[in-house]
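Visitor: There's a structure below that I have some questions on.
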Amino acid sequence: MPRTSRHPSPGTPTRRRPPGHALLGVYLNDHLAGATGGQELARRVARNHRGAPAEEALAHLAEEIAEDRASLLRLMRRLGVRPSRSKVLAARLAERAGRLKPNHALVHRSPLSPLLELEGLSLGVHGKLGLWRTLLGVADPLGLDRSELRTLQERAERQAAVLEEIRLAGPAPFARADPHR
């Protein structure tokens, strides 16, 4: 009967992982899930703002968010961390399910949707900023490129500022005379 143990047989070479590697994998996969949902949301927000003053900025932001997700995947590959397909799928489903929230407008977009979507993107960008800052703090022991991480951190900071500027430029729908416009 063949061995089914997860432990290698004696004499089989093993590749040693640092003690915190499993935790690093969980951490990076959680951020990958967030990046996946954020990428989906950013694309939707950009589509929903076609013809709006912020159209170009949001389209550019969606591109950058997709690039940041790709950067995270490359970083994970370099660290030997496998992407969790189940977490990525769950993030995609959660982003789609978020569109179905009861918001007093079941058959069309609520006047609150643009505001909530921008705030959701902002939360995601701030989470990503935390990721890059955390990885900067452990870059040397993990063998990560500090300049690449600083570039990603600076881009996340710019993204947060752009989102805040766009968010503040549009009046909150509940402050309008007719909030359903």
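The values are calculated or read from the model by the stated rules, or taken from the named source; none is laboratory data. In this text, all values refer to a predicted model and were calculated from it rather than measured experimentally. Please note: Cβ atoms are built from the backbone with ideal geometry, for glycine as well, and neighbour counts cover all protein chains shown.
Visitor: Checking the conditions here, which among Glu67, Glu56, Glu40 is assigned to a helix (DSSP H, G or I), more than 11 Å from the chain's Cα centre (by Cα) and acidic (Asp, Glu)?
Guide: Going through Glu67, Glu56, Glu40 in turn, the sole match is Glu56.
Visitor: Residue by residue through region 47-67, note down the ones that are surrounded by 13 or more Cβ atoms within 10 Å (Cβ to Cβ) and of a type in the set (Gly, Ala, Ser).
Guide: Result: Ala52, Ala54, Ala57, Ala59, Ala62, Ala66.
Visitor: A further question follows. Of the residues Leu118, Leu152, Leu135, Leu144, only one is surrounded by 13 or more Cβ atoms within 10 Å (Cβ to Cβ), over 11 Å from the mean Cα position of the chain (by Cα), outside any helix (DSSP H, G or I) and in contact (Cβ under 8 Å) with a residue 40 or more places away in the chain; which?
Guide: None of the other options fit; the residue is Leu144.
Visitor: Of all residues in region 1-46, count the ones that are under 19 Å from Arg82 (Cα atoms) and either modelled with pLDDT of 85 or more or surrounded by fewer than 10 Cβ atoms within 10 Å (Cβ to Cβ) (or both). Steps first, please.
Guide: Within region 1-46, the first condition is being under 19 Å from Arg82 (Cα atoms), and the residues that meet it are 6, 14-37.
Adding the requirement that they be either modelled with pLDDT of 85 or more or surrounded by fewer than 10 Cβ atoms within 10 Å (Cβ to Cβ) (or both) leaves 6, 14-16, 19, 22-37.
Matching residues across region 1-46 total 21.
Visitor: How many residues does region 158-174 contain that are of a type outside the set (A, V, I, L, M), modelled with pLDDT of 90 or more and exposed (fewer than 15 other Cβ atoms within 10 Å of the Cβ)?
Guide: The total comes to 3.
Visitor: Out of everything in region 74-89 that is assigned to a helix (DSSP H, G or I) and surrounded by 15 or more Cβ atoms within 10 Å (Cβ to Cβ), what residue ends up being nearest to the chain's Cα centre (by Cα)? Walk me through it before giving the result.
Guide: Looking only at region 74-89, we keep the residues that are assigned to a helix (DSSP H, G or I), and these are 74-78, 85-89.
Still in the running and surrounded by 15 or more Cβ atoms within 10 Å (Cβ to Cβ): 75-76, 87-88.
Details: Leu75: 14, Met76: 14, Lys87: 12, Val88: 11 Å.
Among residues in region 74-89 that are assigned to a helix (DSSP H, G or I) and surrounded by 15 or more Cβ atoms within 10 Å (Cβ to Cβ), the one nearest to the chain's Cα centre (by Cα) is Val88.
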